[in-house]
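The values are calculated or read from the model by the stated rules, or taken from the named source; none is laboratory data. Here the structure is a predicted model, which means the values were calculated and not measured. Please note: Cβ atoms are built from the backbone with ideal geometry, for glycine as well, and neighbour counts cover all protein chains shown. Ligands, DNA and RNA are stripped out before the accessible areas are found, and what is left, the full protein with its side chains, is counted by its heavy atoms. Shrake-Rupley method; radii C 1.70, N 1.55, O 1.52, S 1.80 Å.
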2 protein chains.
Amino acid sequence: MPPIENKIILPKSELPTSWYNVLPDLPEPLGPYLTPGGQPVSPSDLAGIFPQSLIEQEVSDRSVIQIPEPVLEALSIWRPTPLVRARRLEKALGVSSRIYFKDESVSPSGSHKSNTAMAQAYFNKEAGVTRLTTETGAGQWGTALAIAAKQFGIQARVYMVKISLEQKPYRKVIMNLMGAEVLPSPSQATDAGRKALAANPDTLGTLGLAISEAVEEAAGRSDTNYVLGSVLNHVILHQTVIGQEVKKQLASIGEKPNYLIACHGGGSNFGGLVGPFVRDILSGQKIAAIAVEPESCPTLTKGEFKYDAGDTAGFTPLMPMYSLGTGFQPPAIHAGGLRYHGAAPIVSALLKSKVIEAASISAEDCFKFAQILAWSEYVIPAPESAHALAKTCLLAQELEKNGTPGCLVFTLSGHGLLDLTAYQTSGVAND
Amino acid sequence: MPPIENKIILPKSELPTSWYNVLPDLPEPLGPYLTPGGQPVSPSDLAGIFPQSLIEQEVSDRSVIQIPEPVLEALSIWRPTPLVRARRLEKALGVSSRIYFKDESVSPSGSHKSNTAMAQAYFNKEAGVTRLTTETGAGQWGTALAIAAKQFGIQARVYMVKISLEQKPYRKVIMNLMGAEVLPSPSQATDAGRKALAANPDTLGTLGLAISEAVEEAAGRSDTNYVLGSVLNHVILHQTVIGQEVKKQLASIGEKPNYLIACHGGGSNFGGLVGPFVRDILSGQKIAAIAVEPESCPTLTKGEFKYDAGDTAGFTPLMPMYSLGTGFQPPAIHAGGLRYHGAAPIVSALLKSKVIEAASISAEDCFKFAQILAWSEYVIPAPESAHALAKTCLLAQELEKNGTPGCLVFTLSGHGLLDLTAYQTSGVAND
């Protein structure tokens, strides 16, 4: 008997050639970004840190946006990514639901972040930019940007949240190996950083503050632009290759999803998976799309929907989103990529209009199910991805109890091989 | 224009269902293993630490040995592995040779070691063994064994060379996560370990000594067997899935190899790639098979062919092989998997009869070409694998100069994501 094929792999020719823009599908149009004074932000206000092409994508009302040839070429290095039927996980859980995960961990950076990093590096290169700044929480985005900057011949400086840099020293090594510069945030290189250090020299740093530092530097230098790894509309746009591929992959085996599950930090992984399904959901298909966040940073489940800044210092525009407030200091949990006070405006709008749902997961459940995945599928998930995994497993067990098994798809947004310090202190990896 | 497909992926149905035993192909029969007193070792002498099935494989004269169904099922989790045409590497090197790498890094442990770990765990389980001991240098073998022990429900204790454990703390985390126990070697748990610590409390440890500890413990406990990750004939046998797949993959695109290149520590990765091609080489096909080792541990290029023990304490039989002597203390190079005084008897015999060649590579060249691979293919190789990579690149450049480009295949025996400390101190990953 030949072994069962658990991986659904699309040929290179099935690589999506366009991005799917979810903005026109929103039940209500997104409110405009606002200046601190409350005026709508004009495209020219953003021109100091973003190229025109990305600003246009940020507000585009076209559903389909072509992927430029050089970005397609870069994506084709690792895409399409496999959709994996997790049969051994199903068996370990004792459930009859079909569980699939979209394996974004096969990218050069080990996470979905490469999808948008390649695109953003390309558009900045095209605009004549020679230097990029960004922030990184867990290190996945910084790694992706470092690699993308190398691909398109641009310099990169990454402000890495201090606690994450300490927890994940290998991330810095990779970024340096790829030619990028890495500073712990808060740093002495910016006003925002110096101010934070003066107020509290022992601060662990936050993603919001690291964004402030990167934006401040980009705004102050004409050769330098800023890139963001999540939250914004154009970032989610670039991630829609995920959902488009999942759709094709499920269709190729005659499967339809009942649940789409992704972890939620800034919203790009979730938005990238779910975006291409929004029209299906609105037209009545029974798909529950669930954004999963840590109990300790419950932006979507306990935050307030309001206009708020994307960073700590208030350099970014005010955006309509769920937020815990820019002053929220999340605890030093291991899922560094989920330590963010805000949420993507697109995801916030979808949640507010009940197109999607949100749920939160304890750190204990994350690592418990991460170990079950390691023991069954021999895959060690990033702590962020373990949130989606844990929700999927808990849901599959609940469906089993209710006698209503179904088709559950979650994104393995990244692997955990560079996050093993998290596992070391999680209680599931003792001698 | 659709993106070019660089990965040659075989369907699951093409997974080799048998191992290829190279012993019958050797130009001269392998000399028998000897006791310290110089008497041929009988199968029963090995029965204290190995199951009968593996002892039979060690001396089998059958060319083809069926892979048992449960092992096939375990291998099918990640096999067949991709053969990758490294077009961007070729471009970065400016060569017209076709360079392919066999990607063994996609296994559950991130290296080729899983191929034999699954087989050895299975055969021990079948023999009623409930506990396994082993040693690990770089940590790749220990990781593979921990995962295989989990797959077949056996306890595992891993003696990890002390310097490697310090350089690669994440390896221990994974082994612990998978349920295995990890001790730094030399340890206080064995006579061999205590003796070494008494002689030199600051010793870095060696693979040879870690083997002594694992063998000593297995020999002294009836519930415990010993497993070895390289050197022995049955280990190379299990690795021949690599070469068999490469053969099919090259044939599927009408390609024939001119050079087969693999790094050499104990010999299993090299033997696994080259074994299935030995008959082709002997029948006149022009294939240069090159075993690549570090300049600092030049077993094949500067060692002596003689009967020598596989470990430091002399617990293993004497085997006919190239050796630097059991007392050789290799420097603390980063390719921990290549810090071994001896060589596989099979590889030694092939070298002695000039069926294959050997070459050595400097640490500087390893990391130089590793960075070129990272910058072109976005793959970070294990320091061990970087030896094969570097030799391949140097050879391709030489062939280019001579106007004789060809088809070069090397094994990416493992990824380097858990070896980033090595990169950190290599000089290629500075801020």
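Inside the range A:328-339, residues that are open to solvent by 10 Å² or more (accessible area, probe 1.4 Å) and within 18 Å of A:I236 (Cβ to Cβ) make up a count of 1. Set side by side, the residues B:V64, B:V95 differ, and just one is out of contact with any helix residue (DSSP H, G or I) (no Cβ under 8 Å at 6 or more places or on another chain) and modelled with pLDDT of 95 or more, which is B:V64. Among the numbered conditions (1) surrounded by fewer than 22 Cβ atoms within 10 Å (Cβ to Cβ); (2) part of a loop (DSSP other than H, G, I, E, B); (3) in contact (Cβ under 8 Å) with a residue 12 or more places away in the chain, the only one that B:P108 does not meet is (1).
For the range B:184-209, which positions are under 29 Å from B:Q424 (Cα atoms) and within 14 Å of chain A (Cβ to nearest Cβ)? Listed by number, the residues that qualify are B:P184, B:S187. Reported count of residues in the range A:393-407, each being touching a residue at least 24 places away in the same chain (Cβ under 8 Å) and closer than 22 Å to A:A363 by Cβ, is 5.
Evaluated against (1) open to solvent by less than 10 Å² (accessible area, probe 1.4 Å); (2) without any contact (Cβ under 8 Å) to a residue 60 or more places away in the chain, B:G342 falls short on exactly one condition, (2).
If the condition is being touching a Leu at 6+ places or on another chain (Cβ under 7 Å) and among the polar types (S, T, N, Q), then the range B:294-320 contributes B:T299, B:T312.
For the range B:16-28, check the following and say yes or no: at least one residue is within 11 Å of another protein chain (Cβ to nearest Cβ) and out of contact with any Lys or Arg (no Cβ under 9 Å at 6 or more places or on another chain).
Yes, some residue in the range B:16-28 is within 11 Å of another protein chain (Cβ to nearest Cβ) and out of contact with any Lys or Arg (no Cβ under 9 Å at 6 or more places or on another chain).
Free of Cβ contacts under 8 Å to residues at least 12 places away in the same chain, open to solvent by 20 Å² or more (accessible area, probe 1.4 Å) and part of a loop (DSSP other than H, G, I, E, B): does that describe A:P27? No; evaluated as a whole, the condition is false for this residue.
When you scan the range A:301-318, how many residues do you find that are within 19 Å of the chain's Cα centre (by Cα) and open to solvent by 10 Å² or more (accessible area, probe 1.4 Å)? Don't jump to the end; show me each part of the working.
At the first step, the residues of the range A:301-318 found to be within 19 Å of the chain's Cα centre (by Cα) are A:301, A:303, A:309-311, A:316.
Pick out the ones that are also open to solvent by 10 Å² or more (accessible area, probe 1.4 Å) and you get A:301, A:303, A:316.
Within the range A:301-318, residues that are within 19 Å of the chain's Cα centre (by Cα) and open to solvent by 10 Å² or more (accessible area, probe 1.4 Å) number 3.
Restricting the first member to the range B:40-54 and to residues that are in a loop (DSSP other than H, G, I, E, B), and the second to residues that are among the β-branched types (V, I, T), the beta-carbon pairs closer than 8 Å and six or more apart or on different chains are B:V41/B:T35; B:A47/B:I55; B:I49/B:V215; B:P51/B:V129.
Checked against (1) more than 30 Å from A:G220 (Cβ to Cβ); (2) touching a strand residue (DSSP E or B) at 6+ places or on another chain (Cβ under 8 Å), A:T133 passes all but a single condition, namely (1).
Taken over the range B:226-240, the criterion of being touching a strand residue (DSSP E or B) at 6+ places or on another chain (Cβ under 8 Å), open to solvent by 10 Å² or more (accessible area, probe 1.4 Å) and not hydrophobic (A, V, I, L, M, F, W, C) is satisfied by no residue. Considered as a group, the residues in the range B:413-431 that are more than 7 Å from every other protein chain (Cβ to nearest Cβ) and either closer than 17 Å to A:D419 by Cβ or basic (K, R) (or both) include one that is surrounded by the most Cβ atoms within 10 Å (Cβ to Cβ), and that residue is B:D419. Among the residues of the range B:377-386, those identified as open to solvent by less than 10 Å² (accessible area, probe 1.4 Å) and not in a helix (DSSP H, G or I) are B:P381, B:A382. Please go through (1) more than 12 Å from chain B (Cβ to nearest Cβ); (2) touching a residue at least 24 places away in the same chain (Cβ under 8 Å); (3) farther than 27 Å from A:C263 by Cα for A:E181 and return the number of the only condition it doesn't satisfy. Only one criterion in (1) more than 12 Å from chain B (Cβ to nearest Cβ); (2) touching a residue at least 24 places away in the same chain (Cβ under 8 Å); (3) farther than 27 Å from A:C263 by Cα is unmet by A:E181, namely (1). In the set A:N115, A:N6, only one residue is at pLDDT below 95, open to solvent by less than 50 Å² (accessible area, probe 1.4 Å) and within 14 Å of chain B (Cβ to nearest Cβ); that residue is A:N6. Out of A:A374, A:A358, which single residue is open to solvent by less than 40 Å² (accessible area, probe 1.4 Å) and more than 14 Å from every other protein chain (Cβ to nearest Cβ)? Among A:A374, A:A358, only A:A358 is open to solvent by less than 40 Å² (accessible area, probe 1.4 Å) and more than 14 Å from every other protein chain (Cβ to nearest Cβ). Counting the residues of the range B:68-95 that are assigned to a loop (DSSP other than H, G, I, E, B), away from chain A (no Cβ under 11 Å) and crowded, with 17+ Cβ neighbours inside 10 Å gives 3.
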